[in-house]
Amino acid sequence: MLMPLELPRELHGLRFSSAIAWGQSPKEEQALACLEALEAVYFHGKTSEKGDLENPPHVLLSNNKHRSGFLDPEKLKPWGNVREYLAAGVVGMFSRQELEQIGAVLGSPASTLFAADFARLANKPFVDGFRINSRSAKLVFNPVELIPSGTTLLQIEAMVAGCDDCDPARNAVFDRFPSAKFFSGIGALVCSPLGSGLDSKRIRPLVFRRLEEWDHQRACPLCRLGSKPLYQEEVWEEIKKETQ
Ligand SMILES: [Zn+2]
């Protein structure tokens with residue numbers, strides 16, 4: 001069923017332009033509330049929005065595994081204003097001195113819009129040029145603009161599980177420009193690694209929540225607690241039904 005495209009009411013009052021000013025960028029909790037309002041993320045038992053629900057649901061994957069939440073970056077796509085507000089939060093995680101070192105911004109194909117929002121707010125050029133090679137099915141980097149040697153590139157991602165998600169874009173840049181120089185940290189709106197693994201020195205997330213996954217229902221502690229396993233697209237529907 002096609003749903004009408006409508007900005008959630010709780011986001012109407014946000015003064016997006018004000019977030020752009022230094023010191024007024026959203027912090028983790030505000031960013032998380034925005035992302036939940038857009039139903040772009042869900043984390044079982046870790047957010048205040050679901051406080052009224054006695055036993056919030058968790059996620060059933062198509063391979064029958066059970067998971068404690070999900071990320072859905074597609075939900076950010078229509079809302080440039082919300083993305084800009086959230087991007088201001090990620091800009092706010094970098095010091096002025098750090099930003100001064102950055103020559104250009106880029107992001108993996110799934111994060112293109114968000115990385116471009118970040119670049120605009122940080123007053124930096126945005127470099128696009130990723131595409132999938134139709135023969136090798138590999139991600140390649142072929143920007144229209146030539147990146148001057150010595151330029152420090154900053155990688156910005158919208159939603160990642162961990163560093164592995166950031167590697168294909170970085171490797172594609174090195175394939176094309178072997179001497180490319182990257183800023184040491186990767187800025188991310190959301191980072192949700194599965195389990196305990198994460199190189200937290202490399203990723204700087206505005207919103208950080210771990211996710212857990214279990215192979216089947218018998219192994220799932222949330223099922224044992226009486227939480228309902230639901231497909232991703234049903235989770236927020238269920239919460240809205242229960243909290244109305
Ligand atoms: Zn379960």
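Within region 213-233, the residues that satisfy the criterion of being touching a residue at least 12 places away in the same chain (Cβ under 8 Å), under 10 Å from VAL59 (Cα atoms) and more than 8 Å from the ligand (Cβ to nearest atom) are GLU213, LYS228, LEU230, TYR231, GLN232.
Look at (1) touching a Phe, Trp or Tyr at 6+ places or on another chain (Cβ under 7 Å); (2) farther than 30 Å from CYS223 by Cα and you find that LYS124 fails only one, number (1). The set of residues from region 188-201 being more than 16 Å from the ligand (Cβ to nearest atom), in contact with a strand residue (DSSP E or B) (Cβ under 6 Å, 6 or more places away or on another chain) and not β-branched (Val, Ile, Thr) comprises ALA188, LEU189, CYS191, SER192. For region 88-116, taking the residues that are of a type in the set (S, T, N, Q) and without any contact (Cβ under 8 Å) to a residue 12 or more places away in the chain, the one that is surrounded by the most Cβ atoms within 10 Å (Cβ to Cβ) is identified as SER95. May I ask you to verify whether SER179 is farther than 22 Å from LEU35 by Cβ, among the hydroxyl-bearing types (Ser, Thr, Tyr), free of Cβ contacts under 8 Å to residues at least 24 places away in the same chain and away from the ligand (no atom under 15 Å from the Cβ)? Against the criterion (farther than 22 Å from LEU35 by Cβ, among the hydroxyl-bearing types (Ser, Thr, Tyr), free of Cβ contacts under 8 Å to residues at least 24 places away in the same chain and away from the ligand (no atom under 15 Å from the Cβ)), SER179 does not qualify.
Taken over region 202-212, the criterion of being within 16 Å of the ligand (Cβ to nearest atom) and out of contact with any Gly (no Cβ under 6 Å at 6 or more places or on another chain) is satisfied by GLU212 alone. Selection over region 117-160 of residues that are assigned to a helix (DSSP H, G or I) and either surrounded by fewer than 20 Cβ atoms within 10 Å (Cβ to Cβ) or in contact with a helix residue (DSSP H, G or I) (Cβ under 7 Å, 6 or more places away or on another chain) (or both) gives a count of 4.
Every number in this text was worked out from the coordinates using simple rules, so none of it is lab data. Quick caveat, the model's predicted, so the values are computed rather than measured. Backbone-built Cβ (ideal geometry, glycine too); neighbour counts: all protein chains shown.
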